[in-house]
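Working notes, beginning with the structure itself.
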Amino acid sequence: MGLFGQITKTILSLDDVFRDVIEGLENWCIAFNNFFLIFCKYLKYIFVLIILLIGILTLLRLRGVYRQSRLVGTDKKEDTFTKTRLILGCLYIFLAFGILFNYLTYFLIWILEPLPDRLIYNFLDFSDINPFNMNGIMDISMSQYPHEKTIYYCFAFGSLTSVLAILLSLWYLINNNRLITNPRATMTYLFTGVAGGFLFGFTTCLPFFL
């Protein structure tokens, strides 16, 4: 009886330790979920500020180039990037207000939704995960536990980094009027962003900016 009682106490203590670990992980997931929502909220306004400043600086630079060309008497053919800078400056300002007032976010969700993305769930189907448990990971509205939301938020963060990699790579390729110093790295970031978009989804992160 003594040995049996000791084994029983050991099993019960292990159950308590396991329960404490699970509870600690769930509490960590709750803290991470709150952090991610706050992070996306502030990140939206940071994006708006950065894009708006880029647009204003682009137009101010265009004004300075135009004034200098008028004073020096430079031929118009030498300033071939005038229209490009004007379009980019206006486009940056339009994007900033579009993100701020959400109409651009809704448009991106609508236009990117038909793309075949979120292929990471196809890889999870090959595992032994219960299909019922997959519902909370694939659709956050069906999540019942904090760790399900955490997994979804991690996928959304992967989507966010992929979209940023695509935008920054395209901006560098379009806005750089000189020789690209490292074309291999730029194309690597671009293809990595596209692959990450198909894997995690191009629109997974966008609803968190609304």
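Readers should treat all values here as calculations from the given coordinates under stated rules, not as data from a laboratory. Predicted model only: the values in this text are computed from it and were never measured. Positions of Cβ are generated from backbone atoms using ideal geometry, with glycine treated the same way; all protein chains shown enter the neighbour counts.
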Query raised in the report: Taking other Cβ within 10 Å of each residue's Cβ, how do 99, 50 sort, fewest first?
Result: 50, 99
Report summary line: Expected sort for 149, 83, 44 with the fewest Cβ neighbours (10 Å cutoff) up front is 83, 44, 149
Report task. Starting with the fewest neighbours, write out 202, 32, 209 ranked by other beta-carbon atoms found within 10 Å of each beta-carbon. Result -> 32, 209, 202
